[in-house]
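Here is the structure we will look at.
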Amino acid sequence: MIQASICTIGDEILIGQIIDTNSSGIASKLGELGIQVTRMLSIGDAHDEIVRSLREELTHHEIVISTGGLGPTKDDITKAALAELSGSKRYVRNEDQARIITEFLHGRGLDVLDINRAQADVPENCEVILNRLGTAPIMVFRFPESTFGHPATLYSLPGVPHEAMGALPDVMDDILRHNPLSGITHRSIMVFGLAESALSERISSWEDALPEDMHLAYLPNMLTGVRLRLSVYGGDRESNLRRIEAEIDKLRPMLGELIYSLEDDTLEHTVGVLLKSSGKTLSAAESCTGGNIAHMITSVPGSSDYFLGSVTSYAISVKEKVLEVPEETICRYGVVSGEVAAAMAEGVRRLTGSDYAVATTGLAGPSGDGVNPVGTVWIGVAGPDGTVTEKKIYHNDRKRNIERFTAASLDLLRRTLLRTVGSQC
């Protein structure tokens with residue numbers, strides 16, 4: 001199997017000024033091609049260190065992908081390091097990238113300066129993949145077997161995430177053209193409602209019985225649950241997909257509605273599919289989630305087809321006056337209660353005229369109400385067939401509690417829709 005290394009270049013990552021999101025995206029795409037990423041490395045802005053580190057990675061990997069250090073300013077020194085590494089003695093201008101730079105800057109109403117034009121100058125020993133989303137081209141350096149003991153290729157990408165991710169299709173195509181790949185077949189099963197350990201215990205007999213060449217990975221995420229990834233390396237893709245599907249069919253009875261998708265999916269997208277396919281509409285009334293449910297729902301393209309609106313009813317007065325939650329309900333059961341969550345959901349459903357509504361009331365922290373522990377949330381979902389409520393307690397900081405409240409709310413909504421409008425996978 002071909003092995004790869006992913007390197008980030010720049011002090012800003014090492015000092016924690018920015019978060020590296022490029023590496024995970026690149027690793028995912030390489031994995032889809034059947035290329036094993038064995039190392040991720042962050043390198044500071046030091047010429048000799050860049051040269052030394054990249055030389056070391058190329059010695060042990062057939063493919064190295066680096067991001068960062070390709071800007072127009074003097075502190076971006078990667079290009080000079082790559083010139084030394086590749087034995088280039090001069091720079092040549094790539095006229096196609098120079099034209100993109102001019103169009104890019106003029107489109108923003110900016111002048112094209114000499115330092116901008118210089119970004120189209122690349123070491124003579126490199127090939128160029130055009131960057132259509134920015135100014136720094138993608139540089140490709142191919143090294144013969146005599147250099148590192150095996151053929152090796154270095155791809156240098158800009159560090160700006162949308163530029164790096166935008167370049168990946170062209171980079172992956174180049175890798176496919178120049179490398180004999182055996183291929184890898186992946187399939188995802190999205191599960192919500194069980195912690196990773198509990199999920200592993202529930203499906204242990206199924207996991208133990210998997211074919212020897214079929215690999216299972218647990219990929220937990222508090223917003224999307226646990227992604228189970230089944231993989232087969234090599235072989236015929238169509239045959240592998242049929243074999244994986246047969247194993248998924250065995251898994252379904254064990255997990256039932258805990259499975260919400262057979263793709264790398266999100267709860268908000270799954271909810272959207274259920275609503276759109278059934279022609280139903282949704283509204284939200286949020287207290288402790290502060291509008292985050294509405295944010296997640298509307299992050300899905302096309303959500304205007306089914307999402308009518310929301311009320312962030314943070315104050316008791318808004319719950320009573322806007323959502324018409326009865327004062328006696330709040331006095332008798334408390335703000336953080338199933339009765340109030342139900343009344344909020346029913347109130348926003350009446351207010352907007354939606355088919356379904358979801359509501360939250362709880363304690364994100366750090367302070368509590370003296371009755372319920374911090375991390376408590378009550379979720380209500382109202383629909384044509386009545387109202388359901390559910391209580392959850394989490395033990396995270398405020399930000400993560402809000403995120404987990406949101407995910408749990410989307411999941412209760414999903415399960416309610418699943419029982420009333422049909423299945424999604």
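The values are calculated or read from the model by the stated rules, or taken from the named source; none is laboratory data. From a predicted model like this one, the values you see are computed outputs, not experimental measurements. Quick reminder, even Gly has a Cβ in these numbers, built from the backbone with ideal geometry, and neighbours come from all protein chains shown.
Just one of (1) on the phi > 0 side of the Ramachandran plot; (2) out of contact with any strand residue (DSSP E or B) (no Cβ under 9 Å at 6 or more places or on another chain); (3) not assigned by TED's automatic domain parsing to the domain that holds residue 11 trips up residue 201, so point out which.
Every condition holds for residue 201 apart from (1).
Scan segment 8-35 residue by residue and report those that are touching an Asp or Glu at 6+ places or on another chain (Cβ under 9 Å), part of a loop (DSSP other than H, G, I, E, B) and over 18 Å from residue 167 (Cβ atoms).
17, 18
Out of (1) surrounded by 19 or more Cβ atoms within 10 Å (Cβ to Cβ); (2) among the polar types (S, T, N, Q); (3) at pLDDT below 95, what's the single condition that is false for residue 401?
Answer for residue 401: the failing condition is (3).
Using beta carbons and a limit of 7 Å, which pairs, at least six apart or on different chains, have the first residue in segment 379-401 and not assigned by TED's automatic domain parsing to the domain that holds residue 347 and among the β-branched types (Val, Ile, Thr) and the second one surrounded by 16 or more Cβ atoms within 10 Å (Cβ to Cβ) and part of a strand (DSSP E or B)?
From residues that are not assigned by TED's automatic domain parsing to the domain that holds residue 347 and among the β-branched types (Val, Ile, Thr), there are no pairs.
Can you tell me which residue within segment 1-20, out of those that are of a type in the set (S, T, N, Q) and touching a residue at least 12 places away in the same chain (Cβ under 8 Å), is nearest to residue 214 (Cα to Cα)?
Pass one, segment 1-20, residues of a type in the set (S, T, N, Q): 3, 5, 8, 17.
Then drop every residue that is not touching a residue at least 12 places away in the same chain (Cβ under 8 Å), which leaves 3, 5, 8.
Working: 3: 20, 5: 24, 8: 32 Å.
Looking at the filtered set, the residue picked out is 3.
Could you give me the residue pairs with C-beta distances under 7 Å whose first residue belongs to segment 343-370 and is among the basic types (Lys, Arg), whose second residue is not in a loop (DSSP other than H, G, I, E, B) wherever it lies, and which are 6+ apart or on separate chains?
Within 7 Å, the pairs are 349/283; 349/357; 349/382.
Return yes when residue 408 is outside the structural domain of residue 190 (by TED's automatic domain parsing), small (Gly, Ala, Ser), crowded, with 21+ Cβ neighbours inside 10 Å and free of Cβ contacts under 8 Å to residues at least 60 places away in the same chain and no when it is not. Give the steps one after another, and end with the answer.
Numbers: outside the structural domain of residue 190 (by TED's automatic domain parsing): yes; small (Gly, Ala, Ser): yes; crowded, with 21+ Cβ neighbours inside 10 Å: yes; free of Cβ contacts under 8 Å to residues at least 60 places away in the same chain: yes.
In short, yes.
So, residue 99, is that one over 24 Å from residue 10 (Cα atoms) and either touching a helix residue (DSSP H, G or I) at 6+ places or on another chain (Cβ under 7 Å) or assigned by TED's automatic domain parsing to the domain that holds residue 143 (or both) or not?
Details: over 24 Å from residue 10 (Cα atoms): yes; either touching a helix residue (DSSP H, G or I) at 6+ places or on another chain (Cβ under 7 Å) or assigned by TED's automatic domain parsing to the domain that holds residue 143 (or both): yes.
Yes: the conditions hold for residue 99.
Does at least one position in segment 130-143 carry a residue that is modelled with pLDDT of 95 or more, closer than 21 Å to residue 2 by Cβ and of a type outside the set (A, V, I, L, M, F, W, C)?
yes
Could you list, in sequence order, all residues of segment 251-281 that are among the hydrophobic types (A, V, I, L, M, F, W, C), in contact with a Gly (Cβ under 9 Å, 6 or more places away or on another chain) and crowded, with 22+ Cβ neighbours inside 10 Å?
Result: 267, 274.
So how many residues does segment 59-77 have that are over 20 Å from residue 39 (Cα atoms) and not charged (D, E, K, R)? Before the answer, list the steps.
Restricting attention to segment 59-77, the residues satisfying the condition of being over 20 Å from residue 39 (Cα atoms) are 70-77.
Checking the rest, the ones that are also not charged (D, E, K, R) come to 70-73, 77.
Residues meeting the conditions: 5.
Does residue 89 satisfy being closer than 18 Å to residue 159 by Cα and assigned by TED's automatic domain parsing to the domain that holds residue 149? Explain how you work it out, then say what you get.
Values: closer than 18 Å to residue 159 by Cα: no; assigned by TED's automatic domain parsing to the domain that holds residue 149: yes.
Answer is no for this residue.
So, in segment 101-128, how many residues would count as being crowded, with 19+ Cβ neighbours inside 10 Å and either within 14 Å of residue 71 (Cβ to Cβ) or of a type in the set (A, V, I, L, M) (or both)?
Count: 4.
Across segment 222-247, which residue is surrounded by the fewest Cβ atoms within 10 Å (Cβ to Cβ) among those that are closer than 16 Å to residue 265 by Cβ and touching a Lys or Arg at 6+ places or on another chain (Cβ under 7 Å)?
Per the criteria, the residue is 222.
Cβ-Cβ below 9 Å, separation at least six or inter-chain, first residue in segment 21-36 and closer than 14 Å to residue 171 by Cβ, second β-branched (Val, Ile, Thr) and assigned to a helix (DSSP H, G or I): which pairs?
Here the result reads 26/171; 29/171; 30/175; 33/175; 35/175, each pair linking segment 21-36 to a residue that is β-branched (Val, Ile, Thr) and assigned to a helix (DSSP H, G or I).
Among the listed residues 239, 283, identify the single one that is at pLDDT 95 or above and more than 18 Å from residue 205 (Cα to Cα).
Values: 239 fails: at pLDDT 95 or above.
Testing whether each residue is at pLDDT 95 or above and more than 18 Å from residue 205 (Cα to Cα) leaves just 283.
Kindly indicate which of 407, 382 is modelled with pLDDT of 95 or more and touching an Asp or Glu at 6+ places or on another chain (Cβ under 8 Å). Outline the logic, then answer.
Numbers: 407 fails: touching an Asp or Glu at 6+ places or on another chain (Cβ under 8 Å).
Of the residues listed, the single one that is modelled with pLDDT of 95 or more and touching an Asp or Glu at 6+ places or on another chain (Cβ under 8 Å) is 382.
Filter segment 56-95 down to residues that are of a type outside the set (Gly, Ala, Ser) and free of Cβ contacts under 8 Å to residues at least 60 places away in the same chain, then give me how many there are.
Looking only at segment 56-95, we keep the residues that are of a type outside the set (Gly, Ala, Ser), and these are 56-65, 67, 70, 72-79, 82, 84-85, 89-95.
Filter again for free of Cβ contacts under 8 Å to residues at least 60 places away in the same chain, leaving 56-57, 60, 73-77, 84, 89-95.
Going through segment 56-95 one residue at a time, the tally reaches 16.
Taking segment 309-339, which residues are charged (D, E, K, R) and either touching a Phe, Trp or Tyr at 6+ places or on another chain (Cβ under 8 Å) or within 16 Å of residue 358 (Cα to Cα) (or both)?
Taking segment 309-339 and keeping what is charged (D, E, K, R), we get 319-321, 324, 327-328, 332, 339.
Matches in segment 309-339: 319, 324, 339.
Any chance you could count how many residues in segment 286-306 are of a type outside the set (D, E, K, R) and either surrounded by fewer than 22 Cβ atoms within 10 Å (Cβ to Cβ) or under 25 Å from residue 200 (Cα atoms) (or both)? Give the derivation first.
Going residue by residue through segment 286-306, those that are of a type outside the set (D, E, K, R) are 287-304, 306.
Retained after the next criterion (residues that are either surrounded by fewer than 22 Cβ atoms within 10 Å (Cβ to Cβ) or under 25 Å from residue 200 (Cα atoms) (or both)): 290-292, 295, 298-304.
Residues that pass the stated criteria total 11.
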